[in-house]
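The values are calculated or read from the model by the stated rules, or taken from the named source; none is laboratory data. No experiment lies behind these values; they were computed from the predicted model shown. Ideal geometry is used to build each Cβ from the backbone, glycine not excepted, and the neighbour counts take in all protein chains shown. Keep in mind that these areas ignore ligands, DNA and RNA; they rest on the heavy atoms of the full protein, side chains included. Shrake-Rupley method; radii C 1.70, N 1.55, O 1.52, S 1.80 Å.
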Amino acid sequence: MSEEINKKIKVQGLINGLILGCVLSVVSIIYFYFMILVAKTAVTVTVGSVLFSYVLPIGIAILFCMSLRKKIGGYWNVRQATTCIFIMFFASYLLVFIIKDNVFAKVIEPDMLQKTETAMIAALNKLKAENPANAKDVDAKISDMKKALEGEKNITVGQQIQSLGISIIFLFVLALIFAAFFKNEQQVYRT
């Protein structure tokens, strides 16, 4: 029975992870277009960044975790929850990497980094024009952003593998945290 439940948990985690990956890829693509088309001020850049980078993905992940628990019968222990959530997060990470970082960024929008940089610089320059007292701070932010984006343009295979390793560790820790919140062990009563 326990082996059957563990197998069901892994399969459901993989299925939900693939769906979650598709949803997060769409959110990331919408965020890109939001940044280059809508975000014209520093406030909208900041709000959009927080909303699309943190609030929406975490909210969607919470909904998927609750859905997973319901699909397997409503009860799982911390180990089962961690396994299932980690599989879901890892599958979604791989799918986002494939869809957004490779297909979208290299085929559909090959100038993605340049467009993002142009939009961000325009928003920061508008902020500098509105508030000349903070001109040095804004110039420093622009310089830092250019350095960060320049580093992203020349990513090697070794850096991608290193990033994958770090991401796996981060996803496991995140899965542990989510599992601690979403565990729901069935109560066993003695008669």
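The table below gives the values:
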quantity	calculated
Flag for Ile98 being in a helix (DSSP H, G or I), of a type outside the set (Phe, Trp, Tyr) and surrounded by 14 or more Cβ atoms within 10 Å (Cβ to Cβ)	no
Identity of the residue in the stretch 103-119, open to solvent by 80 Å² or more (accessible area, probe 1.4 Å) and of a type in the set (A, V, I, L, M), that ends up nearest to Ile36 (Cα to Cα)	Ile108
Number of the exception - Ala105 against (1) within 18 Å of Ala179 (Cα to Cα); (2) small (Gly, Ala, Ser); (3) without any contact (Cβ under 8 Å) to a residue 12 or more places away in the chain	(1)
All positions within the stretch 131-150 that are open to solvent by 70 Å² or more (accessible area, probe 1.4 Å) and farther than 23 Å from Lys115 by Cα	Pro132, Ala133, Lys136
Any hit, the stretch 63-74, residues being at pLDDT 90 or above, open to solvent by 60 Å² or more (accessible area, probe 1.4 Å) and part of a helix (DSSP H, G or I)	yes
Subset tally (residues that are out of contact with any Asp or Glu (no Cβ under 8 Å at 6 or more places or on another chain) and within 25 Å of Ser167 (Cα to Cα)) for the stretch 68-77	2
Val96 vs. criteria of a type in the set (A, V, I, L, M), touching a helix residue (DSSP H, G or I) at 6+ places or on another chain (Cβ under 9 Å) and modelled with pLDDT under 80	no
Options Lys8, Lys70; residue that is free of Cβ contacts under 8 Å to residues at least 12 places away in the same chain and charged (D, E, K, R)	Lys70
Residue within the stretch 161-177 that is open to solvent by less than 80 Å² (accessible area, probe 1.4 Å), among the polar types (S, T, N, Q) and within 26 Å of Gly17 (Cβ to Cβ) present	yes
Condition broken by Ala122, with the remaining ones in (1) without any contact (Cβ under 8 Å) to a residue 40 or more places away in the chain; (2) of a type in the set (Gly, Ala, Ser); (3) surrounded by 12 or more Cβ atoms within 10 Å (Cβ to Cβ) satisfied	(1)
Test: residue in the stretch 71-81 that is of a type in the set (Ser, Thr, Tyr) and within 19 Å of the chain's Cα centre (by Cα)	no
